[in-house]
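In what follows, a structure is listed as structure tokens, so that the remarks can point back to it.
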Amino acid sequence: MRKLSLKFIALDLDGTLIQSNRIKDKAFETILGNWPEHKKTMLDWHRLKNNIDRHEKFRFFVEEILNEKGNNVLYENLADKFSHLTLQAVIDCPWVEGAQEFLNYFQGKLPIYLVSATPQNELEKIIIGRHLGGVFKKVYGAPLNKACVLKRIISMEKGLPKNSIYIGDSPEDQEAANILGVNFIGLDPDRRLKKTGEFIFSNFKYILEYIRENFELYRPIIFA
């Protein structure tokens, strides 16, 4: 079988490259502990909305659950507390197995993009803190629509969806890729990916093997 040409790889961050999902879940649990009557409902909603960044989640909590529309002070305080609880922990947390070696393998061979629901300014701090400067061609953080970002990257790289890969760990990542026809590869620790014809693996060692077996790195044709 002929291998597909691969023009770029895009990846999610939390739960995909690094083991940070539990850090953020725990931060939400800590903050919502001040409202025990709403804690379970909000935690369940949070886990179902992986593509929504924490600012939108806290705004929803303040305005729709607490019914305190316009209480921007509380909303900002909750978002700031979340950042305080998570930023350094995310910088220090372990890689998903094989993720660092995966990035090292492809760095310099083809464009790598980061597409994450983490706020842009915080995402850039994480990149610096984890010494990932120069790994990614571009880093996209919240606010964003992942499908729109992937479409933009495809256009910038002058490629087709079939020549692209997006690696993520959530149903929202999966949906963003499927909307465009981008090849989706899933990490499936606990985010309930739909196992319907997708390629889902437990670590990056298997992902690298799969890509090497089924794709070849794009090489432009140069005419003399």
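The values are calculated or read from the model by the stated rules, or taken from the named source; none is laboratory data. Fair warning: this is a prediction, and the values are worked out from it, not measured in the lab. No Cβ is skipped: glycine too gets one built from the backbone with ideal geometry, and neighbour counts run over all protein chains shown.
Here is how the numbers come out for the structure above:
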| quantity | calculated |
| --- | --- |
| Residues (acidic (D, E) and loosely packed, with under 14 Cβ neighbours inside 10 Å) located in segment 61-90 | E64, D80 |
| Candidate set from segment 45-75 (those that are charged (D, E, K, R) and under 18 Å from A117 (Cα atoms)); member that is nearest to the chain's Cα centre (by Cα) | D53 |
| Subset of segment 110-143 (residues that are more than 18 Å from M156 (Cβ to Cβ) and either in contact with a Lys or Arg (Cβ under 6 Å, 6 or more places away or on another chain) or basic (K, R) (or both)) | K125, R130 |
| Residue in segment 180-202 that is over 23 Å from G108 (Cα atoms), modelled with pLDDT of 95 or more, within 13 Å of the chain's Cα centre (by Cα) and not in a strand (DSSP E or B) present | no |
| Residue ranges of helices (runs of 4 or more DSSP H) in segment 5-116 with at least 3 members touching a Ser or Thr at 6+ places or on another chain (Cβ under 7 Å) | 21-32 |
| Top-ranked residue of segment 14-30 - restricted to ones that are among the polar types (S, T, N, Q) and crowded, with 20+ Cβ neighbours inside 10 Å, ranked as farthest from the chain's Cα centre (by Cα) | S20 |
| Residue list for segment 155-167, restricted to those being outside any helix (DSSP H, G or I) and either more than 18 Å from the chain's Cα centre (by Cα) or at pLDDT below 95 (or both) | E157, K158, G159, L160 |
| Criterion violated by K162 - all others in (1) among the basic types (K, R); (2) in the same structural domain as H55 (by TED's automatic domain parsing); (3) out of contact with any helix residue (DSSP H, G or I) (no Cβ under 8 Å at 6 or more places or on another chain) satisfied | (2) |
| Close pairs (8 angstrom Cβ cut-off, 6 or more residues apart or separate chains): surrounded by 16 or more Cβ atoms within 10 Å (Cβ to Cβ) in segment 91-111, part of a helix (DSSP H, G or I) and among the β-branched types (V, I, T) anywhere | I91/I126; C93/I23; G98/I207; F102/I207 |
| Pairs with Cβ under 7 Å, 6+ apart, first in segment 169-187 and more than 17 Å from F204 (Cβ to Cβ), second among the small types (G, A, S) and modelled with pLDDT of 90 or more | Q174/G168; Q174/G186; A176/A147; I179/A147; L180/A147; V182/S164 |
| Segment 117-139, residues that are among the β-branched types (V, I, T) and outside any strand (DSSP E or B) | I126, I127, I128, V135 |
| Filter result for I52 (aliphatic (A, V, I, L, M), outside the structural domain of L160 (by TED's automatic domain parsing) and in contact with a strand residue (DSSP E or B) (Cβ under 8 Å, 6 or more places away or on another chain)) | yes |
